[in-house]
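Remarks on the structure that follows.
The values are calculated or read from the model by the stated rules, or taken from the named source; none is laboratory data. Note that this is a predicted model, so its numbers are computed, not measured. Cβ coordinates were reconstructed from backbone atoms using ideal geometry, including for glycine residues, and neighbour counts include every protein chain displayed. Surface areas here come from the heavy atoms of the whole protein model, side chains and all, with no ligands, DNA or RNA. Shrake-Rupley method; radii C 1.70, N 1.55, O 1.52, S 1.80 Å.
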Amino acid sequence: RSSNWNGGYSFSSSSASFAVAVVMKIIKHYQEEGQGSEVVQGVLLGLVVDDRLEITNCFPFPQHTEDDADFDEVQYQMEMMRSLRHVNIDHLHVGWYQSTFYGSFVSRALLDSQFSYQHAIEESVVLIYDPIKTAQGSLSLKAYRLTPKLMEICKEKDFTPEGLKKASIGFENMFEEVPIVIKNSHLINVLMWELEDKSTVADKHELLNLSSSNHLEKSLQLLMDRVDDMSQEIVKYNTYSRNLSKQQQQKHQYLQRRQQENAQRQSRGEAPLPEEDISKLFKPPQPPPRMDSLLIAGQINNYCQNVKEFTSQNLGKLFMAEALQGQN
């Protein structure tokens, strides 16, 4: 961890390097404890080398229920890092990881957690692992950080529409993706070469499997659900706009009546009515939370990108399968 952190957000990692053992541990953690839509999480350990973040180790958060009232996550992390330090293993905290399904990770909970990590440890990243997409033939690992603008907004806790507009915060600049490089040891490379030589021809053609309609159907269904959520946010905003317009009309009518009454009192030689605080009489309606709609928009954008990548890969498979069929 950087020892001269001064509370600013100047750290900019050009890439994150992951040891293959870390990736295997994350996958193993999900296979052992991830049930159905259960999300698994854990801690990333490593160090900063120049402008590169090297992740060399990790350990999982144990699954616990509401009955485990005595479980303390912070204490558990401290004990784990203390134990790793005793056996001379990298123990510096540099982020956390979380599993996801079909890319459904853009949420307020993840934003709050990443802010806590990144505010305390500047170089922290969150690693997102998608086991469903990985099962389709491509390892799905992505690392993210909160942008400096969003960090300032979260630090000030100014999530009002005016604050977000002033900071020019949109769904496209809330998170920044950090490029990932996965490194193998020389022994792992030798083992992979041996496995490739021993693999059969049938195994090598599994990547051309075209049975992917279920994955695409589920992704589109999730996308439709989030679009429905965005529609509800639009309804809330339209309701707020109508209420605000209605209140402005009532305020204008009230001021006109007071002016007319004061004019009549002045003609009768009476004192005008005392001044009143209009803001107390007409309290402005509360605007809908802007951050919720930004997160929904970010999740919709993520779903669209996933569908785009998935369909482009399938189109490539179709052309390759057609070419192979023509040769046969």
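Helix 73-86 and the longest principal axis of the Cα set of the chain meet at an angle near 40°. Between 0 and 90 degrees, the angle of helix 213-267 with respect to the longest Cα principal axis of the chain falls at about 10 degrees. For the pair the stretch 246-313 and the stretch 141-203, the centres of their Cα atoms are 39 angstrom apart. Working from the Cα coordinates of the chain, the gyration tensor eigenvalues give, after taking √(5λ), semi-axes of 52, 28, 17 Å in decreasing order.
Helix 20-33 versus the longest principal axis of the chain: what angle, 0 to 90°, nearest 10, using Cα atoms? That works out to roughly 70 degrees. Surface exposure of the stretch 130-197, expressed per residue as accessible area with a 1.4 Å probe, stands at 63 Å². Which percent of the accessible heavy-atom area of the chain goes to carbon and sulfur, probe 1.4 angstrom? Carbon and sulfur atoms account for 53 percent of the accessible area of the chain.
How about LYS165: which lysines have a C-alpha closer than 25 Å to its C-alpha, ignoring those fewer than 8 places off in the same chain? Those lysines meeting the cut-off are LYS149, LYS155, LYS157, LYS236, LYS246, LYS283. Largest GNM mean-square fluctuation across SER245, SER83, SER116, computed for the chain with C-alpha springs under 10 Å, falls on SER245. Within a straight-line Cα-Cα reach of under 23 Å, LYS133 can be paired with the following lysines, leaving aside sequence neighbours fewer than 8 residues apart in one chain: LYS25, LYS28, LYS142, LYS183, LYS204, LYS218, LYS308, LYS317. For the stretch 230-328, applying the loop criterion from DSSP together with a ceiling of 15 other beta carbons within 10 Å to the chymotrypsin sites (Phe, Trp or Tyr not before Pro) yields PHE282.
Sparsely packed loop sites in the stretch 232-314 (the GluC sites (Glu not before Pro) outside DSSP H, G, I, E and B with at most 11 other Cβ atoms within 10 Å) comprise GLU270, GLU275, GLU276.
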